[in-house]
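One structure below.
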Amino acid sequence: MRKRVIAGNWKMNKTANEVKKFVESIREKVPASEKVEAIVCAPFPYLAKLVEDTANTNIKVAAQNMHFEDSGAFTGEVSPVMLKDIGVTHVIIGHSERREFFAETDNTVNQKTKAAHHHGLVPIVCVGESLEQREADETVQHVRNQVTEALKGLSEEEVSQTIIAYEPIWAIGTGKTASSEDANEVCREIRQVVKELTSEDAAEKVIIQYGGSVKPATIDELLSQSDVDGALVGGASLEADSFLSLVEAGT
Ligand code: PEP
């Protein structure tokens, strides 16, 4: 039985005071359930304090990006070594906003995914099609390619410990969401690619999330689907109550 993983992606939002209030409101309420894992994906300046403030809870802390090198002359970048050093456990890789605005490619996504595993961080690898690709019936091929490129060179064990987030670009922050059946179909396809690349065992273990305007009102139906193991949530993860309802849906 795979765990449900609910990750809140705050993107470039919140002040230190807002982060403090958020953690205070959820810390005692996130269920210590074996069935669900709650992850908060915060901006870099808040990560170290968040790790401290969520110690001994079922809340994990993730970065929203990182460089693939350990250290060096990369002004403004943050390395996997640094994230690991402060106790971060997960990192989002290749979010569509990074691909669109910061020139991330399948190749950088692959290098970052490998680096994350190398340093014991769990990568949450984002894939998903544009509206044009969906309308041209290219969704499955595009997502299959992105998954294949992202996982190149990873061991079977590493693949099985990767989280893959299927996020159709047209559904992110737009209020439009894929139907649960459509989301499940693509998630099932992703599991199939993982199986083709590695093994049935790895495919059974890999966690596949859906992301794109997920709300407390829509999460139950999504989680009832056979191949959707959780959600990567932007807007609806910013408010503590809403984030808690999403996590509770996974229990
Ligand atoms: C996201 O940031 O990955 C996301 C899915 O955002 P939203 O839930 O706001 O669509």
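The values are calculated or read from the model by the stated rules, or taken from the named source; none is laboratory data. Everything quoted here is computed from the prediction, not taken from an experiment. Backbone-built Cβ (ideal geometry, glycine too); neighbour counts: all protein chains shown. Calculation scope for accessible area: heavy atoms of the full protein, side chains included, ligands and nucleic acids excluded. Shrake-Rupley method; radii C 1.70, N 1.55, O 1.52, S 1.80 Å.
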inquiry  = Can you find a residue that is within 16 Å of the ligand (Cβ to nearest atom) and either surrounded by fewer than 18 Cβ atoms within 10 Å (Cβ to Cβ) or assigned to a strand (DSSP E or B) (or both) anywhere in the range 182-196?
reply    = yes
query = Counting just the residues of the range 115-125 that are closer than 23 Å to Arg2 by Cβ and open to solvent by 20 Å² or more (accessible area, probe 1.4 Å), which one comes out farthest from the ligand (Cβ to nearest atom)?
reply = Gly120
ask   = Taking the range 112-136 on its own, how many of its residues are of a type outside the set (D, E, K, R) and farther than 16 Å from Gln161 by Cα?
value = 6
message = Can you tell me how many residues within the range 17-67 are among the acidic types (Asp, Glu) and in contact with an Asp or Glu (Cβ under 9 Å, 6 or more places away or on another chain)?
response = 2
query = For residues in the range 206-243 being over 20 Å from Glu181 (Cβ atoms) and open to solvent by less than 10 Å² (accessible area, probe 1.4 Å), which is nearest to the ligand (Cβ to nearest atom)?
reply = Ser237
key: Unmet criterion (only one of (1) in a helix (DSSP H, G or I); (2) open to solvent by less than 80 Å² (accessible area, probe 1.4 Å); (3) of a type in the set (Asp, Glu)) for Glu37   = (1)
key: Residues satisfying the stated conditions in the range 126-170, i.e. within 16 Å of the ligand (Cβ to nearest atom), closer than 24 Å to Ala236 by Cα and crowded, with 23+ Cβ neighbours inside 10 Å   = Cys126, Val127, Gly128, Glu129, Ile163, Ile164, Ala165, Tyr166, Glu167, Pro168
inquiry  = Going by what's in this entry, would Asn110 be described as more than 16 Å from the ligand (Cβ to nearest atom), open to solvent by less than 30 Å² (accessible area, probe 1.4 Å), out of contact with any strand residue (DSSP E or B) (no Cβ under 8 Å at 6 or more places or on another chain) and in contact (Cβ under 8 Å) with a residue 12 or more places away in the chain?
reply    = yes
query = Checking Asn13 against (1) crowded, with 19+ Cβ neighbours inside 10 Å; (2) in contact with a Leu (Cβ under 7 Å, 6 or more places away or on another chain), which single condition isn't satisfied?
reply = (1)
